[in-house]
Structures are given as C-alpha cells and as structure tokens.
Amino acid sequence: ASGLYFIATPIGTARDITLRALDILASADVLAAEDTRTLRRLMDIHGIALDGRPMVAYHDHNGASARPKLLRALADGKSVAYASEAGTPLVADPGYQLGRAVTAEGYLVTAAPGPSAVLAALSVSGLATDAFFFAGFAPTSKGQRQSFLKSLAEVPGTLVFYESPKRVHKMLADLVEVYGEMRDAVVARELTKKFEEVRRGTLAALVDELDGVTLKGEVVVLVARGEVSSFDEKDTDILLKEAMAAGSLK
Ligand code: SAM
C-alpha cells in the first residue's frame with residue numbers, strides 16, 4: 001500500500017531483521033536510506049534485488065531537498081521504505097522531520113519495528129527496565145554535559161545514553177560528579193557483534209575498571225535510577241514547619 005515505511009535494520013548481526021522488513025524492502029516502489037550503500041549491502045546479503053527501483057539518499061544534510069521528492073512519490077501513490085544507517089530510524093538517527101512532513105500531509109506512516117541499541121542494551125544490562133529514559137547523546141562539552149546530567153537527576157527510571165567510545169571515560173567521570181560514585185551503571189559495547197561486551201558495576205568501579213582501557217566500537221551507557229525518597233530535604237523542612245505550626249510537634 002502507498003505510504004512511508006520506517007524499516008528497522010540490524011545494529012550488528014546482519015540477520016537481525018524481520019521477515020516483514022525484508023518483504024517491504026523487496027516490494028517498496030522507492031527505497032530511501034541514510035546511507036544508500038549500507039542499505040544496498042543489506043539487501044544483497046538477503047538476496048533482494050533493486051530491479052531498477054529508485055534509491056534516494058535521505059540524511060540530516062539533505063533532508064530539506066530530499067523530502068519533497070519523497071512526498072511527491074507518496075502523492076503519486078507510491079510506497080517508500082526508509083532505513084537509517086543502523087537500528088531504528090528516528091532513534092538518534094534521521095527520520096523525524098520526514099515522518100512529521102508525511103503525517104502532516106495525511107499520508108500513511110507505518111513501522112517495521114526491529115533492532116535498536118536502546119532496547120538491546122537494556123535487555124542485557126541487568127538494570128530495571130520497567131521505566132527508562134532514553135537521553136540520546138549527551139552534549140560533548142563538560143559544562144553542558146554536566147548540566148544535562150543534572151537535568152536528568154530526578155528521572156524515575158534507568159537512564160540510557162548513546163556515547164562515542166572515545167568519550168566514555170569523560171562521561172563516566174561526569175556521571176560520578178553529578179550522581180555520586182555508588183549508582184549502578186553499565187557500559188554495553190558492540191551489541192550483537194563479535195566483540196560484544198557488557199561491563200556492570202557502580203560508577204566508581206567502572207571508572208576504575210576502564211582506567212587506561214581504550215574502548216572501540218559502539219557503546220551504550222546506562223545508569224540505574226537513583227534512590228527515590230518520598231521527600232527531599234526541602235519538603236521535609238516544610239512539613240516539619242507545618243507540623244510545628246499546627247502544634248503537633250514541639
Ligand atoms: N538508530 C540506532 C538505534 O536504533 O539504536 C542508533 C543510531 S546512533 C547514530 C548510533 C549509536 O547507537 C552508537 O554511537 C551507539 O551509542 C549506539 N549503538 C548502535 N549500535 C550499537 C551496538 N551494536 N552496540 C552498542 N551500541 C550501539
């Protein structure tokens with residue numbers, strides 16, 4: 001059917017793609033991708049031929065000029081499949097503006113869900129998964145990163161960050177500064193790939209463990225939710241004052 005199909009693609013192992021995603025890639029009128037070579041390679045692995053179908057590059061730098069082309073295809077009643085470089089489009093990847101434009105025009109938008117590093121990392125983390133906050137990439141400058149982390153201090157759930165392997169040490173150091181040494185955390189690297197590795201420990205233990213270690217590949221950093229107390233000090237003060245004013249405490 002005509003519409004935009006967001007296709008989740010593997011975050012490592014090429015066979016992590018759904019049968020429906022492959023069906024859509026085989027039948028869509030137009031293929032769009034953040035990196036057309038990556039999508040071609042994936043289609044080759046799964047024996048899906050292009051058969052002369054147009055392939056359109058759509059990424060952060062050409063979105064404004066590529067969107068009208070894709071909208072025109074939809075206006076012509078065509079189906080468009082969009083895949084980002086890896087994992088789920090729109091999750092720290094392009095696709096949001098495209099989805100917005102397509103829904104604003106009233107065309108169908110549907111998803112072929114599948115891999116995403118957020119969920120893979122949560123699955124193996126051993127941390128609470130009942131509630132989590134996906135924070136994407138933290139700012140790279142120390143000051144901005146620390147205020148960003150402070151703004152997340154009250155989130156009642158596991159925090160999930162994407163991070164460059166080069167910056168993991170600095171990120172962990174800032175996490176210790178903002179949240180203290182004792183929070184449980186996880187560094188999940190190269191998920192679903194040959195060198196998959198999951199390190200778990202308190203923030204302080206992870207800082208020690210990774211001291212002098214060069215990390216390579218792709219990394220997700222997770223931080224356990226802080227102890228949620230029912231009252232912070234300020235609230236307790238107010239309650240005490242109210243109780244004293246009411247004469248129930250001396
Ligand atoms: N759209 C993707 C998704 O759904 O996960 C994320 C794209 S984002 C540009 C790339 C980041 O995702 C990496 O820097 C890393 O933090 C994380 N990531 C992607 N694949 C990963 C993997 N196999 N193992 C660990 N982290 C991964």
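The values are calculated or read from the model by the stated rules, or taken from the named source; none is laboratory data. What you see is a predicted model; the values in this text were computed from it and never measured. Every residue, glycine as well, gets a Cβ built from its backbone with ideal geometry; the counts of neighbours run over all protein chains shown.
If you go through the range 172-189 and pick out every residue that is in contact (Cβ under 8 Å) with a residue 24 or more places away in the chain, out of contact with any helix residue (DSSP H, G or I) (no Cβ under 7 Å at 6 or more places or on another chain) and surrounded by fewer than 19 Cβ atoms within 10 Å (Cβ to Cβ), you end up with 0.
In the range 1-32, how many residues are in contact with a Lys or Arg (Cβ under 8 Å, 6 or more places away or on another chain) and either within 16 Å of the ligand (Cβ to nearest atom) or among the polar types (S, T, N, Q) (or both)?
Here is the first cut: in the range 1-32, the residues in contact with a Lys or Arg (Cβ under 8 Å, 6 or more places away or on another chain) are 2, 12-13, 28-31.
Applying the additional criterion that residues be either within 16 Å of the ligand (Cβ to nearest atom) or among the polar types (S, T, N, Q) (or both) yields 2, 12-13.
Residues in the range 1-32 being in contact with a Lys or Arg (Cβ under 8 Å, 6 or more places away or on another chain) and either within 16 Å of the ligand (Cβ to nearest atom) or among the polar types (S, T, N, Q) (or both): 3 in total.
Taken together, Ala86, Ala104, Ala131 contain a single residue that is buried (at least 18 other Cβ atoms within 10 Å of the Cβ) and of a type in the set (A, V, I, L, M, F, W, C), which is Ala86. Assigned to a loop (DSSP other than H, G, I, E, B) and at pLDDT 95 or above, is that true of Ile48? Spelling it out, Ile48 is indeed assigned to a loop (DSSP other than H, G, I, E, B) and at pLDDT 95 or above.
Determine whether the range 63-70 contains at least one residue that is hydrophobic (A, V, I, L, M, F, W, C), more than 19 Å from Ile24 (Cβ to Cβ) and either in a loop (DSSP other than H, G, I, E, B) or touching a strand residue (DSSP E or B) at 6+ places or on another chain (Cβ under 9 Å) (or both). Yes, some residue in the range 63-70 is hydrophobic (A, V, I, L, M, F, W, C), more than 19 Å from Ile24 (Cβ to Cβ) and either in a loop (DSSP other than H, G, I, E, B) or touching a strand residue (DSSP E or B) at 6+ places or on another chain (Cβ under 9 Å) (or both). For the range 149-170, taking the residues that are surrounded by fewer than 16 Cβ atoms within 10 Å (Cβ to Cβ) and within 16 Å of the ligand (Cβ to nearest atom), the one that is nearest to Glu196 (Cα to Cα) is identified as Pro165. Among the residues of the range 202-231, those that are among the small types (Gly, Ala, Ser) and at negative phi comprise Ala204, Ala205, Ala224, Gly226, Ser229, Ser230. Here Leu119 meets each of (1) assigned to a helix (DSSP H, G or I); (2) touching a residue at least 24 places away in the same chain (Cβ under 8 Å); (3) near the ligand (Cβ under 9 Å from one of its atoms) with one exception, condition (2).
Checked against the criteria, Tyr96 does not count as among the aromatic types (Phe, Trp, Tyr), within 16 Å of the ligand (Cβ to nearest atom) and surrounded by 18 or more Cβ atoms within 10 Å (Cβ to Cβ).
Within the range 126-148, the set of residues being under 15 Å from the mean Cα position of the chain (by Cα) and either part of a strand (DSSP E or B) or within 14 Å of the ligand (Cβ to nearest atom) (or both) comprises Phe132, Phe133, Phe134, Ala135, Gly136, Phe137, Ala138. Residue count for the range 166-221, restricted to those that are among the hydrophobic types (A, V, I, L, M, F, W, C), within 17 Å of the chain's Cα centre (by Cα) and part of a loop (DSSP other than H, G, I, E, B): 1. Taking the numbered list (1) closer than 21 Å to Glu190 by Cα; (2) within 16 Å of the ligand (Cβ to nearest atom) in turn, Gly63 passes all entries but (1). Considering each residue of the range 52-64 in turn, none proves to be in contact with a helix residue (DSSP H, G or I) (Cβ under 6 Å, 6 or more places away or on another chain) and within 30 Å of Thr202 (Cα to Cα).
Within the range 5-22, does at least one residue satisfy the condition of being in a strand (DSSP E or B), among the β-branched types (Val, Ile, Thr) and within 22 Å of Asp76 (Cα to Cα)?
Keep residues of the range 5-22 that are in a strand (DSSP E or B), which gives 5-7, 9.
This time we only want the ones that are among the β-branched types (Val, Ile, Thr), so: 7, 9.
Checking the rest, the ones that are also within 22 Å of Asp76 (Cα to Cα) come to 7.
Yes, some residue in the range 5-22 is in a strand (DSSP E or B), among the β-branched types (Val, Ile, Thr) and within 22 Å of Asp76 (Cα to Cα).
Inspect the range 51-66 for any residue being within 24 Å of Gly217 (Cβ to Cβ) and loosely packed, with under 13 Cβ neighbours inside 10 Å and give the result as yes or no. Scanning the range 51-66 turns up at least one residue that is within 24 Å of Gly217 (Cβ to Cβ) and loosely packed, with under 13 Cβ neighbours inside 10 Å. Consider Val187 carefully, then state whether it is at pLDDT 95 or above and farther than 24 Å from Ser116 by Cα. Against the criterion (at pLDDT 95 or above and farther than 24 Å from Ser116 by Cα), Val187 does not qualify.
Condition (residue is part of a loop (DSSP other than H, G, I, E, B), away from the ligand (no atom under 16 Å from the Cβ), out of contact with any strand residue (DSSP E or B) (no Cβ under 9 Å at 6 or more places or on another chain) and within 26 Å of Leu19 (Cβ to Cβ)) applied to the range 74-92: is it met by at least one residue? Can you show your working first?
Kept after step one, since they are part of a loop (DSSP other than H, G, I, E, B), are these residues of the range 74-92: 76-78, 84-86, 88-92.
Then drop every residue that is not away from the ligand (no atom under 16 Å from the Cβ), which leaves 76-78.
Those still in the list that are out of contact with any strand residue (DSSP E or B) (no Cβ under 9 Å at 6 or more places or on another chain) too: 76-77.
Right, trim to within 26 Å of Leu19 (Cβ to Cβ) and you get 77.
Checking the range 74-92: at least one residue is part of a loop (DSSP other than H, G, I, E, B), away from the ligand (no atom under 16 Å from the Cβ), out of contact with any strand residue (DSSP E or B) (no Cβ under 9 Å at 6 or more places or on another chain) and within 26 Å of Leu19 (Cβ to Cβ).
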